[in-house]
1. Which of the residues spanning the range 45-96 are open to solvent by less than 60 Å² (accessible area, probe 1.4 Å), closer than 28 Å to VAL198 by Cα, outside any helix (DSSP H, G or I) and hydrophobic (A, V, I, L, M, F, W, C)?
2. So which helices (runs of 4 or more DSSP H) are wholly in the range 108-223 and hold at least 1 residues that are more than 30 Å from GLN24 (Cα to Cα) and open to solvent by 10 Å² or more (accessible area, probe 1.4 Å)?
3. Within the range 44-56, does at least one residue satisfy the condition of being touching a residue at least 24 places away in the same chain (Cβ under 8 Å), in contact with a Gly (Cβ under 7 Å, 6 or more places away or on another chain) and within 16 Å of the ligand (Cβ to nearest atom)?
4. Within the range 162-194, take every residue that is of a type in the set (Ser, Thr, Tyr) and within 19 Å of GLY32 (Cβ to Cβ) and give me the one that is nearest to the ligand (Cβ to nearest atom).
5. Of the numbered conditions (1) surrounded by 14 or more Cβ atoms within 10 Å (Cβ to Cβ); (2) in contact (Cβ under 8 Å) with a residue 40 or more places away in the chain; (3) part of a helix (DSSP H, G or I), TRP99 satisfies every one except a single condition; which is it?
6. Before we move on, is GLN69 in contact with a strand residue (DSSP E or B) (Cβ under 7 Å, 6 or more places away or on another chain), at pLDDT below 95 and either within 16 Å of the ligand (Cβ to nearest atom) or over 15 Å from ILE209 (Cβ atoms) (or both)?
7. Does LEU126 satisfy the criteria of being more than 27 Å from THR47 (Cβ to Cβ), of a type outside the set (Lys, Arg) and in contact (Cβ under 8 Å) with a residue 12 or more places away in the chain?
8. Across the range 14-32, what is the number of residues that are surrounded by fewer than 21 Cβ atoms within 10 Å (Cβ to Cβ) and within 12 Å of the ligand (Cβ to nearest atom)?
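The values are calculated or read from the model by the stated rules, or taken from the named source; none is laboratory data. Please read all numbers here as calculations on a predicted model, not as lab measurements. Cβ placement follows ideal geometry from the backbone for every residue including glycine, while neighbour counts extend to all protein chains displayed. Just so you know, the surface numbers come from the protein's heavy atoms only, side chains and all, with ligands and any DNA or RNA stripped out. Shrake-Rupley method; radii C 1.70, N 1.55, O 1.52, S 1.80 Å.
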Amino acid sequence: MESEYAISTHQLTKQYDRHIAVNQVDLQVEIGEVYGLIGPNGAGKTTLIRMLAAIEEPTTGEIYINGEQLLRDSSNPRLKQRLGYLPDDFPLYDDLTVWDYLDYFARLYLLKQPHRRYRLNDVLELVQLTSKRHSLISTLSRGMKQRLSLARTIIHEPMLLLLDEPVSGLDPIARMQFREIIKILQSAGMTILISSHVLSDLAELCTSIGIMELGYLVESASLKELYQRLSRQQIIISTL
Ligand code: ATP
């Protein structure tokens, strides 16, 4: 049953000219789990996530979010409202304060006062940026900026979070801080799909892991099962 999954794809494929970036991917992510997507550069992670976020149209195949089909013409705004997507290259506006930046996105999602103000305060506390609320974004560290990006992504309280390499380029402490927030979001019931180049970024967080190579989802298993198969050398992945 599709409705048992937060994400279910059938033979999802994206082709650019003659290059197949994502190839016949059947992905199932259960409601409430943190699913890690790993794979080397060019494996197709970003393309897959962009299709799940309804940014990129599949060439063929189907996507179901909580049992409801994500249509190619992106005409299901209610469904998109349930998604939070953090791209790997989303710009922050350096000249805005942290508060004004978040408030801008909250308005885009039509959050009304006084709920908007309460929501901003809650989210800033969650990402540990309350003391920076009046600071210009240009003055934030890289880790703080990434936590602010996460705050923007969850401002409208989505049920499903899609995070494209969110800890890439962060120092170890910033990575750890980011992971702690993800754990809190998961315990609040959110389903989270998170990509990375390396298993160690995801191992502590994820209940299941998918491995992509050359556009294919070559493995999808619980973390325990994956480690067992790795130790038996049933899986040999160059990037792990
Ligand atoms: P990275 O970790 O480097 O971001 P990735 O696993 O996210 O890699 P994708 O960015 O999805 O991989 O790219 C998969 C393949 O599709 C790559 O070969 C890439 O060059 C190609 N590709 C992605 N977007 C386009 C596009 N718009 N036009 C043509 N080819 C593309």
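1. Once the filter is applied, which keeps residues that are open to solvent by less than 60 Å² (accessible area, probe 1.4 Å), closer than 28 Å to VAL198 by Cα, outside any helix (DSSP H, G or I) and hydrophobic (A, V, I, L, M, F, W, C), the range 45-96 yields ALA53, ALA54, ILE63, ILE65, LEU83, LEU86, LEU92.
2. In the range 108-223, 115-126, 142-154, 172-187 are the helices (runs of 4 or more DSSP H) which contain 1 or more residues that are more than 30 Å from GLN24 (Cα to Cα) and open to solvent by 10 Å² or more (accessible area, probe 1.4 Å).
3. yes
4. That would be THR191.
5. Single failed check for TRP99: (2).
6. Spelling it out, GLN69 is indeed in contact with a strand residue (DSSP E or B) (Cβ under 7 Å, 6 or more places away or on another chain), at pLDDT below 95 and either within 16 Å of the ligand (Cβ to nearest atom) or over 15 Å from ILE209 (Cβ atoms) (or both).
7. yes
8. Residues that pass the stated criteria total 7.
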